[in-house]
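Reading through the structure tokens given below for one structure.
The values are calculated or read from the model by the stated rules, or taken from the named source; none is laboratory data. A quick note: this is a predicted structure, and the numbers were derived from the prediction, not measured. Because the Cβ atoms are built from the backbone with ideal geometry, glycine has one as well, and the counts that use them run over all protein chains shown. In case anyone asks, the SASA skips ligands and DNA or RNA and just uses the protein heavy atoms, side chains included. Shrake-Rupley method; radii C 1.70, N 1.55, O 1.52, S 1.80 Å.
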There are 2 protein chains.
Amino acid sequence: MKLATLRASRPDGQLVVVSSDLTRFVSAGRIAPTLQAALDDWDRLKPALAELSKDLDKGAIAGQTFEPSAALAPLPRAFQWIDGSGYMSHLERVRSLKGSKDAELQSIRPLLYQGGSDSLSAASDPILIPDEDLALDFEVEVAIIIGHVPMRPSRAQAAAAIRLVTICNDVSLRRLVADDLQNGFGFFHSKPSTAFAPVVVTPDSLGEHWRDNRLHLPVRVEVNGTLYGRPNAGVDVHFDFIDLIVEAARTRQLGAGTIIGSGTIANHHDETLPIREDGIGFACIAEARTAEKVKFGKARTPFLKPGDRLRMAALAGGRSVFGDIQQTVVALASRT
Amino acid sequence: MKLATLRASRPDGQLVVVSSDLTRFVSAGRIAPTLQAALDDWDRLKPALAELSKDLDKGAIAGQTFEPSAALAPLPRAFQWIDGSGYMSHLERVRSLKGSKDAELQSIRPLLYQGGSDSLSAASDPILIPDEDLALDFEVEVAIIIGHVPMRPSRAQAAAAIRLVTICNDVSLRRLVADDLQNGFGFFHSKPSTAFAPVVVTPDSLGEHWRDNRLHLPVRVEVNGTLYGRPNAGVDVHFDFIDLIVEAARTRQLGAGTIIGSGTIANHHDETLPIREDGIGFACIAEARTAEKVKFGKARTPFLKPGDRLRMAALAGGRSVFGDIQQTVVALASRT
């Protein structure tokens, strides 16, 4: 089953069921007005949503043409967005942690931060930046949406809570990361609005691509039409989504509709950009720059600037599973 | 105008208008089903809510008896909870920052962290802790709820966005604070569910008690019936709510329904516990313990343990303005 949220007169949009091939949709309004409402009563409402999905896929319902640009983020605002660190390669590359005490600690328990969730960006929303010199970067991640999880859950409780899967772009202002880390209060200023692919999918609909509590698909990333990476989200996972849920619920319950991010997808390799024909590449610019510093003595790949275009998709058989994230960088107009 | 959210069959509860003396309420369901719905369309809905409030106060509507224990948090779950650091005395006492570079930086720009907002506690909810040795503490703060604020707002835009005022208890697990600070990713595990007073009040209804973008009232704190403090929230404010809003919106917009905390209320003094007859005392245990270490060489006041009872209220003329926060500490039952 695939779901999306279309723009509507209310801030939380309109829940729709999308066909498996992402070409058509039908309103789910008679079952639940919004995705949060569906998640609040998932066990009761899921069968009706699944029925609608089946009818749409087999053509019993004609539906309407699905335009990904009409979609908001699946949860345009969420009660919780927690970002994890499932791929150690990313941490090692961006923080040069090897051998430090932190690195040791972080290989035992995943780092998590509380992200802002009051305005999550649509896949087609511009990335609005207040200044051009903030070293704007992207981070492609897998994201799950969960049901309620009690404090200190078992791994089985955590696994059973996974409702929906998609990908997201955890937009990062690298120049502010150091300040945010130094004061210890978290990535407050360096992580503005995260963007989400237009469609969320139930794990069972992902078939062989969802197993061992992770997504087994390559994620393709382009900047201005140039391929930057295609790491596989199922490879080199140090912490899977069960690990992240269990860690997140160490001292508190997690509400239905909580979104959890995998951390930047990263596979082990010693490549640099431009990507080779059989290369894996990167799901963020900071890692590419670190690899360049090691190899060439200095970073070559620039951070993003106004006008730059991003495109990200998880691919199965060459087809975009969740729809593409396509964003353009835009500078905030000065107030004066 | 005073508002509250009563327990109902849906997770976001039922919006009600409460009489000025907190004795009666009337449902606001015909205007907005929930507080978030009211905040989403505030300018259009506020006049009708104010009218209802006026009729309730003058007796034109009889209403029903208001039982604070029937109230949830005003926003039982919110799209954003940002906690600030408006009172430097608190930071100085708990972190011994004097003379450090951090202290200098923090006196120029307020620290903020992104709090978990998926399940905010009612004033009468127990504080559920997973282990007894986590050094459980409370922090009494002023909290505001705001309307939408654009990225990089003017101070006038920030001031105009303040919709509602109350107090909250930012529950803290001190033993986990150091870990959270060290990894730099924020207070993820050390700050479980924050509790809110049962009633929120519009700034105009606070009269002389709300001016200069701060609350001018003492907040009284008792532990097991013993007075621990009565600091005035309007005194020794280093950053007011406009400062906090402007800082929070440096790199992003803030959605309607965002809650912002003042940081632990703290007045300058060199007292210790027990509180003197004319003493000010503390709005958290950690500060009292630091003062004891300085004066006696070691901390005396214990952190909270299961069974301990907390009571907090902002007082005007001896009366509780937002209703009391009254919580009891409860240990999580073991799963095995």
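Table for the structure above
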quantity: Solvent exposure ordering (accessible area, 1.4 Å, most first) of A:PHE322, B:PHE187, A:PHE296; calculated: A:PHE296, B:PHE187, A:PHE322
quantity: Portion, in percent, of the accessible area of region A:1-72 that falls on carbon or sulfur, probe 1.4 Å; calculated: 51 percent
quantity: Under-5 Å amide H pairs with A:TRP81, H placed in peptide plane, nonlocal only; calculated: A:GLY115, A:ILE259
quantity: Too-long pairs where the Cα-Cα distance tops 32 Å, listed order kept, from A:LYS191/A:LYS293; A:LYS191/B:LYS293; A:LYS2/B:LYS191; A:LYS54/B:LYS191; A:LYS191/B:LYS191; B:LYS191/B:LYS295; calculated: A:LYS191/B:LYS293; A:LYS2/B:LYS191; A:LYS54/B:LYS191
quantity: Cα gyration tensor shape for region B:1-72, rounded if a/c is under 1.5, else prolate or oblate; calculated: oblate
quantity: Segments B:22-30, B:143-151 sorted - mean Cβ within 10 Å per residue, highest first; calculated: B:143-151, B:22-30
quantity: Hits among aspartates and glutamates - C-alpha to C-alpha of A:LYS46 under 18 Å, sequence gap 8 or more where chains match; calculated: A:ASP55, A:ASP57, A:ASP204
quantity: Distance between modelled label sites at B:ASP21 and A:ARG44, nm, 7 Å Cα→Cβ extension; calculated: 4.0 nm
quantity: Phi-based couplings in Hz for region B:2-16 (Karplus 6.51, -1.76, 1.60; Gly and Pro marked x); calculated: 10, 10, 8, 10, 8, 4, 8, 6, 9, x, 8, x, 10, 6, 9
quantity: With every protein chain in place, region A:76-334: carbon and sulfur % of accessible area (1.4 Å); calculated: 49 percent
quantity: By accessible area with a 1.4 Å probe, ligands and nucleic acids excluded, highest first: order of A:HIS189, B:HIS269; calculated: B:HIS269, A:HIS189
quantity: A:ARG155 paired with B:ASP179, simple spin-label distance in nm, labels 7 Å along Cα-to-beta-carbon; calculated: 1.9 nm
quantity: Calculated FRET value between A:ALA299 and B:ALA62, using beta carbons and R₀ = 60 Å, to 0.05; calculated: 0.25
quantity: Where rotation carries B onto A, the chain B residue whose Cβ is nearest that axis, in whole Å; calculated: B:GLY186, 1
quantity: B:ASP133-A:ASN224 FRET efficiency (beta carbon distance; Förster radius 60 Å; 0.05 resolution); calculated: 0.65
quantity: Pseudo-label separations to other copies for B:ARG309 - Cα-to-Cβ vector, 7 Å, nm; calculated: 6.7
quantity: Separation of the B:SER107 and B:ARG7 label points, Cα + 7 Å toward Cβ, nm; calculated: 4.9 nm
quantity: Averaged over B:118-128, number of beta-carbon atoms from partner chains that fall within 10 Å; calculated: 3
quantity: Shielding score for B:177-185, defined as the mean number of other chain Cβ atoms within 10 Å; calculated: 6
quantity: Cβ-defined net charge surrounding B:PRO306, 14 Å radius [Lys, Arg +1; Asp, Glu -1]; calculated: -2
quantity: Solvent exposure of region A:182-336 as accessible area per residue, Å², 1.4 Å probe; calculated: 39 Å²
quantity: For the protein assembly as shown, share of DSSP beta bridges that run antiparallel, in % to the nearest 5; calculated: 90 percent
quantity: Other-chain or far-sequence residues with amide H under 5 Å of B:LYS2's (modelled H); calculated: B:VAL18
quantity: Per-peptide average of other Cβ atoms within 10 Å, ordering B:310-320, A:254-264, B:246-256 highest first; calculated: A:254-264, B:246-256, B:310-320
quantity: Cβ crowding within 10 Å averaged over residues, with A:272-279, A:171-178, A:126-133 ranked highest first; calculated: A:171-178, A:126-133, A:272-279
quantity: Residues with amide H under 5 Å from that of B:GLY281, placed H, sequence gap 5 or more; calculated: B:ARG230
quantity: Shielding by partners - mean other protein chain Cβ count within 10 Å, residues of B:77-84; calculated: 5
quantity: Accessible area buried, both sides summed, chains B and A with 1.4 Å probe, Å²; calculated: 4700 Å²
quantity: Per residue, in Å², the accessible surface of region A:1-72 once ligands and nucleic acids are set aside, probe 1.4 Å; calculated: 47 Å²
quantity: Chain A: antiparallel DSSP beta bridges as a percent of all, rounded to 5; calculated: 90 percent
quantity: Relative contact order (%) - chain B, alpha-carbon pairs under 8 angstrom, separation at least six; calculated: 22 percent
quantity: Under the Karplus curve 6.51 cos²θ - 1.76 cosθ + 1.60, θ = phi - 60°, whole-Hz ³J(HN,Hα) for region B:146-157, x wherever Gly or Pro sits; calculated: 10, x, 4, 10, x, 4, 6, x, 6, 5, 5, 4
quantity: Neighbour net charge for B:HIS269 - beta-carbon separation under 15 angstrom, K R +1, D E -1; calculated: -4
quantity: In order through region A:25-39: 3J(HN,Hα) via Karplus (6.51 cos²θ - 1.76 cosθ + 1.60), integer Hz, x for Gly, Pro; calculated: 9, 9, 4, 9, x, 6, 9, 7, x, 9, 5, 4, 4, 5, 5
